[in-house]
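Report on the structure given below.
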Amino acid sequence: MPDPRRAIPRTDALLAEPGIAEAAAELGRDLVKSVVQDVQRAARAGELAPAEVTATVLARLPGSASSLRPVINATGVVVHTNLGRAPLSAAALDALVAAGGATDVEFDLATGDRARRGRSALSALAAAVPDAGAVHVVNNNAAALLLCALAMAPGREIVVSRGELVEIGDGFRIPDLLASTGARLREVGTTNRTTAGDYAAALGPDIGFVLKVHPSNYRITGFTAEAPLEELAKLGVPVVADIGSGLLAPHPLLPDEPDVATALRAGAAVVTASGDKLLGGPQAGLLFGDEDVIERLRRHPAARALRVDKLTLAALEATLRGPVPPVRAALEASVEDLRRRAEALARSLRDVGAEAVESAAAVGGGGAPGVELPSAAVSLPARYAAALRTGEPPVVGRVVRDRCLLDLRTVRPDEDAKLREAVRRCG
């Protein structure tokens, strides 16, 4: 009997198949070839018949050359760090595509001369916070704080409350970040109580600046005290306020969350914030403050190493100038609308045990700790959690009391049909 493995199509023959050749042109020959070889190995191991090889290759080809997969966020966490934080608006996504080719990011088309890099995005950022004398953008909020230490406190002291020496995730800690610049940390106060007098007592000729860090990923309650920015600004040294979550102005749903405009009015010399949290834009470190201080930061040699690319600048500008981004839309979604959507989905999925239930969503992303956003969810048997997570498209919910909850505050209305079909496929 002839060896059936001889019937397995050769690699060159498979790569010449019209559908596979078209995929190679779109995805890259090496990526497609690796899929072909994986399927051939499976056929040689007897896991599929030689006649099934071509169809199996086509079925296993990825949708893009990137391994990142679009996910429906049904967790109820608006800014979910593990899911990429802020989802971008359609305007920002369009801007990314436009910026993917040659652009005028650092070129004046009218004069033919070199221009300031990202001037349009910086102009949009300055317009969003009129209280700022100047603005600058680096690649994340940690980089913004790092640049402040390098430019404002080289070999000098940074005064900071012990209660604000926070860990920002994945083992990275604010004190380690600052110490890596050569600055010396001068810790004041205690874990739960620090007053303006504690800061004042630490001032001396070696002070670079006072640092005020918003502990955005936890809360200390009970017998506590912290010095307001207004009092720290009167100490006669620059104050850097790291507000973290990227709220540019006060928001009625988040009355206790610090914002850039208020911090500047309180006297902060520099305010740092994230672009991919409550602002709803791309990952970026945003710096606002006194014109002379921001210019010092911009001209520091490390600023070049921390600068953002044209894609970030394009998405940031579109977020600032464009329509309401998804993060804000999710924060401000009407609870009544969420209930109506949950009830409609539950009715269409009643045969698989779906129910519409009340839920509590969260801001997430190290913003507004402890704040619960009333929401509505579709409740399913717990077994759906893993099936949905590994389906196509992947849907990530949360399991509460042996039920899989799909919280609609973080699901766009135009994703409801996809969500319904994803559940159906798991049934």
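The values are calculated or read from the model by the stated rules, or taken from the named source; none is laboratory data. Model, not experiment: these values are computed from the prediction. As a convention, Cβ positions derive from the backbone with ideal geometry for all residues, glycine included, and neighbour counts pool all protein chains shown. Accessible surface is based on the protein model in full, side chains and every heavy atom, while ligands, DNA and RNA are left aside. Shrake-Rupley method; radii C 1.70, N 1.55, O 1.52, S 1.80 Å.
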Options SER66, SER34; residue that is of a type outside the set (Asp, Glu), part of a helix (DSSP H, G or I) and either surrounded by fewer than 12 Cβ atoms within 10 Å (Cβ to Cβ) or at pLDDT 95 or above (or both): SER34
Total residues in the stretch 191-225, condition touching a Lys or Arg at 6+ places or on another chain (Cβ under 8 Å) and of a type in the set (Asp, Glu): 1
Residue list for the stretch 72-81, filter: open to solvent by 60 Å² or more (accessible area, probe 1.4 Å) and modelled with pLDDT of 95 or more: none
Per-region count, the stretch 125-141, residues open to solvent by less than 30 Å² (accessible area, probe 1.4 Å) and either farther than 21 Å from ARG265 by Cβ or among the polar types (S, T, N, Q) (or both): 3
Output for the stretch 169-212, where each listed residue is among the β-branched types (Val, Ile, Thr) and either closer than 25 Å to PRO301 by Cα or touching a His at 6+ places or on another chain (Cβ under 8 Å) (or both): ILE174, THR181, ILE207, VAL210
Matching residues in the stretch 44-63 - criterion: being open to solvent by 60 Å² or more (accessible area, probe 1.4 Å) and either assigned to a loop (DSSP other than H, G, I, E, B) or among the aliphatic types (A, V, I, L, M) (or both): ALA45, GLY46, GLU47, ALA51, ALA55, LEU58, ALA59, GLY63
Selected residue [open to solvent by 50 Å² or more (accessible area, probe 1.4 Å), at pLDDT below 90 and either of a type outside the set (A, V, I, L, M, F, W, C) or farther than 24 Å from LEU264 by Cβ (or both)] from THR191, THR195: THR191
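A quick yes/no check of all residues on (1) within 19 Å of VAL105 (Cβ to Cβ); (2) in contact with a helix residue (DSSP H, G or I) (Cβ under 6 Å, 6 or more places away or on another chain):
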{"residue": "ASP256", "(1), (2)": "no, no"}
{"residue": "VAL260", "(1), (2)": "no, no"}
{"residue": "LEU264", "(1), (2)": "no, no"}
{"residue": "VAL271", "(1), (2)": "no, yes"}
{"residue": "ASP276", "(1), (2)": "no, no"}
{"residue": "ALA284", "(1), (2)": "yes, yes"}
{"residue": "GLU295", "(1), (2)": "no, no"}
Those residues of the stretch 370-382 which are modelled with pLDDT of 95 or more and farther than 16 Å from ARG420 by Cα, in sequence order: LEU373, PRO374, SER375, ALA382
Qualifying positions in the stretch 205-222 - exposed (fewer than 15 other Cβ atoms within 10 Å of the Cβ) and at pLDDT 90 or above: PRO205, ASP206
Qualifying positions in the stretch 93-124 - open to solvent by less than 50 Å² (accessible area, probe 1.4 Å), among the hydrophobic types (A, V, I, L, M, F, W, C) and in a loop (DSSP other than H, G, I, E, B): VAL105, ALA115
Residue match in the stretch 306-315 (condition: part of a loop (DSSP other than H, G, I, E, B), out of contact with any Asp or Glu (no Cβ under 9 Å at 6 or more places or on another chain) and without any contact (Cβ under 8 Å) to a residue 60 or more places away in the chain): yes
Of all residues making up the stretch 146-164, the number that are open to solvent by less than 30 Å² (accessible area, probe 1.4 Å), over 21 Å from GLU226 (Cβ atoms) and in a helix (DSSP H, G or I): 4
Residue within the stretch 71-80 that is free of Cβ contacts under 8 Å to residues at least 24 places away in the same chain and either more than 24 Å from the chain's Cα centre (by Cα) or closer than 20 Å to VAL308 by Cβ (or both) present: no
Residues within the stretch 312-369 that are closer than 18 Å to VAL399 by Cα, surrounded by fewer than 19 Cβ atoms within 10 Å (Cβ to Cβ) and not hydrophobic (A, V, I, L, M, F, W, C), tallied: 3
Residues of the stretch 165-188 classified as surrounded by fewer than 16 Cβ atoms within 10 Å (Cβ to Cβ), of a type in the set (Asp, Glu) and on the phi < 0 side of the Ramachandran plot, total: 2
Residue satisfying condition, being in contact with a strand residue (DSSP E or B) (Cβ under 8 Å, 6 or more places away or on another chain), small (Gly, Ala, Ser) and part of a helix (DSSP H, G or I), within set ALA361, ALA377, ALA346: ALA346
